[in-house]
Amino acid sequence: MTSAQLAGHGRRLLISADRVWLVFAGVFLILALTVPGQVPLSLRFVLTNLMNIAPFLLLAILASAYAAATGSDNLIARAFSGRLVFSIVLAALMGALSPFCSCGVVPIIAALLGMGVPLAPVMAFWLSSPLMDPSMFIITAGQLGTEFAIAKTLFATLVGLLGGFGLYALQGSRLLEHPLREGIGGGGCGTGKIHDPKPAVWKFWHDPKRVATFWRDGQKTFFFLFKWLSIAYLLESLLLAWTPLERVIELVGDGGLVSILLAASLGAPAYLNGFAAVPLVSGLMDSGMAPGTAMAFLIGGGITSVPAAMAVYALVRKPLFGLYILFAFIGASLSGVLFQAWSGMVG
């Protein structure tokens, strides 16, 4: 093979290669050339988190594939479509109590979108879920007080309702004409992808075509989620290693409106993860950080941190991603202002 043929073959490989995996490999190459000591640390972080999330990932993949093979996705979509307002409220409440982190919720969201569940309740669940869960409540109560933990749970529900009803109000908007990336679900803001009224075939394994659908849908969902979660965890490992979080929060800790707005917006570049942030914020509050600023940072950061945002970006197109960030910022800012006012009244 000539050098020209080799070059042409290389170009074709690059063009056909998945851009996410190219970025993933590129980041590791840069690390190997500049800070080689970080390579094993980041690799270990990615593998550990993928192993931790594997049970949720497997459950979501099986649920999505089973729904596609049996045709039950139509039934689920029809049930949510008929009670949209109720499903938004229920999704926000369930999200605030579910045991999923910002990345852990992604397989569940992907399964819901694949079943054609409307976007409004999905957004409500998506926004509220990474903010609170039973273990997070216990840690928050122990570090920041029971009042703070209860308030954060309420604000998690509030942010979910804000996003869910925000999308509900935007039904018919051009922003939501093509909200999902290619191959991800088919649910719109008001109705799901109800193909036909045929009953579900629960014992699908007797039908070779449905078995083929099960394996095809499962493999597609697995590879899609695996690549995006891998890059998300890689970026999170670098944030953990290099972000001077203490200095960032100290700059916005006085509890005024400007500091609360800054804290809500700084969640994206500075937030690490919920369990790491709580003890750190506790120490900063002991040093004089205002409670409203702490609440805004924890709410905004839990939703818009780079790993969480990357996971969202993998599933939806830019207009809906922009709305996700907007709802998170508004919800975090509102939570900070309300909690600061409450703290002032009872303090």
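The values are calculated or read from the model by the stated rules, or taken from the named source; none is laboratory data. Computed from a predicted structure; not experimentally measured. Note that we place each Cβ from the backbone using ideal geometry, even for glycine, and neighbour counts take in every protein chain shown.
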(request) Being under 10 Å from the mean Cα position of the chain (by Cα) and at pLDDT 70 or above narrows it down to one of L127, L97, L112, so name that one. (result) L127
(message) Let me confirm something: among A91, A77, which residue is under 27 Å from F125 (Cα atoms) and modelled with pLDDT of 85 or more?
(response) A91
(request) Note down all Cβ pairs under 6 Å where the first residue falls in the stretch 326-343 and is more than 12 Å from K152 (Cβ to Cβ), the second is surrounded by fewer than 18 Cβ atoms within 10 Å (Cβ to Cβ) and among the aromatic types (F, W, Y), and they're at least six residues apart or on different chains. (result) none
(message) Step by step: first the residues of the stretch 34-60, then only those that are assigned to a helix (DSSP H, G or I) and among the β-branched types (V, I, T), then the one that is farthest from F214 (Cα to Cα). Which residue is that?
(response) T34
(request) State all residues of the stretch 212-265 that are at pLDDT below 80 and closer than 18 Å to G288 by Cβ; if no residue qualifies, say none. (result) L245, E246, R247, V248, I249, E250, L251, V252, G253, D254, G255
(message) Looking only at the stretch 299-316, count every residue that is buried (at least 24 other Cβ atoms within 10 Å of the Cβ) and either among the small types (G, A, S) or free of Cβ contacts under 8 Å to residues at least 12 places away in the same chain (or both) and tell me the total.
(response) 6
(request) Among the residues of the stretch 180-211, count how many are farther than 18 Å from V117 by Cα and either modelled with pLDDT under 55 or touching a helix residue (DSSP H, G or I) at 6+ places or on another chain (Cβ under 8 Å) (or both). (result) 6
(message) Looking at (1) at pLDDT below 80; (2) under 17 Å from the mean Cα position of the chain (by Cα), which one does I299 not meet, given that it meets all the others?
(response) (1)
(message) Residues that are under 22 Å from L162 (Cβ atoms), out of contact with any Cys (no Cβ under 8 Å at 6 or more places or on another chain), of a type outside the set (A, V, I, L, M, F, W, C) and modelled with pLDDT under 75: does the stretch 286-293 have at least one?
(response) no
(request) Test F297 against the criterion of being farther than 18 Å from G166 by Cβ and either of a type in the set (V, I, T) or part of a helix (DSSP H, G or I) (or both), and give yes or no. (result) yes
(request) Determine which member of the set G104, G145 is among the small types (G, A, S) and modelled with pLDDT under 85. (result) G104
(request) Assess whether G283 counts as being at pLDDT below 75 and in a loop (DSSP other than H, G, I, E, B). (result) no
